[in-house]
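All remarks here apply to the structure that follows.
The values are calculated or read from the model by the stated rules, or taken from the named source; none is laboratory data. Keep in mind it's a predicted model, so treat the numbers as computed, not measured. Here the Cβ positions follow ideal geometry from the backbone for every residue, glycine too, while neighbour counts run over all protein chains shown.
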Amino acid sequence: MKYPFLLCVWMVLIFSCAPVPPFLTKSVPAAPDYSKSSSWAALPDRTDLADRSPNPDFPDLQATSQVDIFFLHPTILLNYKVKDWNGDLDDAKLNKEVDESTILYQSSAFNGSGKVYAPRYRQAHYRSFFTEDKASAKQALDLAYEDVKAAFEFYLKNYNQGRPIIIAAHSQGTLHARRLIKEYFDNKPLQNKLVVAYLVGWPILKNEFASIPPCENPEQTGCFCTWRSFKHGYTPEKALIGDSIAVTNPLSWRMDGLPAPKSLNEGMIARNFEKILPQRADAQEQNGVLWVHKPKFPGSFFFRRKNYHIADYNLFYINLRKNAQHRVDLFWK
């Protein structure tokens, strides 16, 4: 299961040598060809939604950047009418949903610090995280990771040209990014090229990696930042919590457990991408999660959920953008 060719071999072996797993009894989408531009949600040499900026004060600098961003999007395949376990890259509607959500509102935060590469991949369906059919869910996630791995291999060979790398991801993307970092960076020569990893929306242990530590201050490089956002005072019952989970405060960029007031928040992004909303959300590390008092934004009166997962990036968009730029500057020094 190293490359697309071997993935095909693996699929043949499954069909011929073992009982067919439940999700493989349905259609399995064709593997992506990463030599095709259509297999990427964002590339720096073309116009896409990763190029957008909410304000002229934060220009897209990809054309001149000497750093790369490898961005892995979260789960967008949420439709329960879809019976397959993995998304189809030929699904124009799904691709549009990916582009107009995570690529615009998340990956664009990095176009001031690097060239944004965001592969499309056969993402595992949302049900994979809740089903009792754990075997099928695992195979769906493994299939998604094989695409991520193939995309990264193609990126290294054809795009990177030896530039430093920022790994950025959210939710399912972070699950795959964690695996990617262990395989390609942790105690590997490529670790020297890692500026920072933003592993957001998934629990990451403080000792997750053998030689890549969590970032403990805003000046550190070669480390990882991670958080999961919840309403202040709420402790999720079904989420992994505790002191062993790393949490970076995205306002102070520290792990000291101290509250960071909303006055430090330079801008969140809500539905209107072009309107920056400063000083709307605070942040505090607590028991393996990030607590945030309910922010105010247009329509926030109707926002009742206690899990702010969907807004992990949006709540701290400008702070994240500036932090990535800052760490790139420090990496060169």
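Residue check: is Q172 in contact (Cβ under 8 Å) with a residue 60 or more places away in the chain, among the polar types (S, T, N, Q) and either under 16 Å from Y117 (Cβ atoms) or buried (at least 22 other Cβ atoms within 10 Å of the Cβ) (or both)? So Q172 passes the test.
Of all residues in the stretch 311-333, exactly one satisfies the criterion of being modelled with pLDDT under 95 and assigned to a helix (DSSP H, G or I), namely W332. Inspection of the stretch 64-86 finds no residue satisfying the criterion of being surrounded by fewer than 19 Cβ atoms within 10 Å (Cβ to Cβ) and in a helix (DSSP H, G or I).
Against the condition at pLDDT below 95 and closer than 28 Å to K96 by Cβ, how does F70 come out, does it pass? Criteria not met by F70. Of all residues in the stretch 202-215, none satisfies being at positive phi and outside the structural domain of K149 (by TED's automatic domain parsing).
When N160, N217 are checked against the criterion of being more than 23 Å from V289 (Cα to Cα) and either touching a residue at least 24 places away in the same chain (Cβ under 8 Å) or among the aromatic types (F, W, Y) (or both), N160 stands alone in meeting it. Of all the numbered requirements in (1) at positive phi; (2) more than 23 Å from the chain's Cα centre (by Cα), N287 misses one, and that requirement is (2).
Can you find, within the stretch 42-63, the residue that is farthest from F152 (Cα to Cα) among those that are of a type in the set (D, E, K, R) and part of a loop (DSSP other than H, G, I, E, B)?
The initial filter retains those residues of the stretch 42-63 that are of a type in the set (D, E, K, R), namely 45-46, 48, 51-52, 57, 60.
Then drop every residue that is not part of a loop (DSSP other than H, G, I, E, B), which leaves 45-46, 48, 52, 57, 60.
Values: D45: 17, R46: 19, D48: 20, R52: 23, D57: 31, D60: 23 Å.
If we take residues in the stretch 42-63 being of a type in the set (D, E, K, R) and part of a loop (DSSP other than H, G, I, E, B), then D57 is farthest from F152 (Cα to Cα).
Within the stretch 225-235, does at least one residue satisfy the condition of being free of Cβ contacts under 8 Å to residues at least 60 places away in the same chain, within 22 Å of L180 (Cα to Cα) and not hydrophobic (A, V, I, L, M, F, W, C)? Taking every residue of the stretch 225-235 in turn, at least one turns out to be free of Cβ contacts under 8 Å to residues at least 60 places away in the same chain, within 22 Å of L180 (Cα to Cα) and not hydrophobic (A, V, I, L, M, F, W, C).
Kindly provide the set of residues from the stretch 237-252 that are crowded, with 20+ Cβ neighbours inside 10 Å and either polar (S, T, N, Q) or under 18 Å from the mean Cα position of the chain (by Cα) (or both), ordered by number. Give the steps one after another, and end with the answer.
Within the stretch 237-252, the subset crowded, with 20+ Cβ neighbours inside 10 Å is 245-251.
I245, A246, V247, T248, N249, P250 - these are the residues of the stretch 237-252 that are crowded, with 20+ Cβ neighbours inside 10 Å and either polar (S, T, N, Q) or under 18 Å from the mean Cα position of the chain (by Cα) (or both).
Do we have R122 as in contact with a Gly (Cβ under 8 Å, 6 or more places away or on another chain), basic (K, R) and either touching a residue at least 40 places away in the same chain (Cβ under 8 Å) or surrounded by fewer than 18 Cβ atoms within 10 Å (Cβ to Cβ) (or both) here? When the stated conditions are applied, R122 passes them. From the list F152, F130, F110, the one residue that fits, being of a type in the set (A, V, I, L, M, F, W, C), surrounded by fewer than 22 Cβ atoms within 10 Å (Cβ to Cβ) and out of contact with any His (no Cβ under 7 Å at 6 or more places or on another chain), is F130.
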